[in-house]
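To start, the structure under review is shown below, and the notes come after it.
Derivation of every value follows stated rules applied to the coordinates shown; laboratory data play no part. If you're wondering where the values come from, they're calculated on a predicted model, not measured in any experiment. Ideal geometry is used to build each Cβ from the backbone, glycine not excepted, and the neighbour counts take in all protein chains shown.
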Amino acid sequence: MSEEETTNHDELDNSRALIIKKISAYIGVPILPTNFTQFEKFDGETLHVNMFPIKEVTNLTIDNKPISEFTVDNQAGLIYFRQHYTGFLTLEYTACLTENDYSLYIEPLVEDMLEYENDSGWAKNASSIREGDVSINLDTSIGKGALIQKNLDNLKSMFNTYARMI
């Protein structure tokens, strides 16, 4: 690969990474594996995890004693203990979308957003075209930008089931 091709490839990777971060912030769910630590005073048999879907629990202690007997509901962000615990809880875990969700929903959206971002056409964001006395109004509801926004809103609604009211 030439130096110019390498530079273009790196810029594309950076653009993809930035778009993924924007999508993640918009829908409120970590798209790529992200490590989290949760500290709290705990009293109960069920723990509500702050960020989910949960990919993996790497460490769970209560009053610095390791807890290994629990069940995880990855999609709901819940950890069920086999007994009642009271104490200071420390939880280390990774949260992100499943690979299936990523390939079904995120990859196509990233490609659309990259294409839209790199579109330098004169009509990209045009709502009307005027030539002399003639004016043509375009239907912006079916434009690429509107479709991207609709897909983002759909994802936010779909993954909003992951959000909880506390």
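This ranking places Ser68, Ser24 by how few other beta-carbon atoms lie within 10 Å of each, fewest first, which gives Ser68, Ser24. With N the number of residues in region 34-95, Rg(Cα) / (2.2 N^0.38 Å) evaluates to 0.98. Where does each of His48, His84 land when they are ranked from fewest to most other beta-carbon atoms within 10 angstrom? The most exposed by this proxy come first: His84, His48.
Taking a 24 Å limit on the Cα-Cα distance, which of the listed pairs Lys21/Lys65; Lys41/Lys156; Lys55/Lys144; Lys21/Lys55; Lys22/Lys156 fall beyond it? Provide the component values of the computation, followed by the final result.
Details: Lys21/Lys65 35 Å; Lys41/Lys156 31 Å; Lys55/Lys144 33 Å; Lys21/Lys55 18 Å; Lys22/Lys156 12 Å.
From Lys21/Lys65; Lys41/Lys156; Lys55/Lys144; Lys21/Lys55; Lys22/Lys156, over 24 Å: Lys21/Lys65; Lys41/Lys156; Lys55/Lys144.
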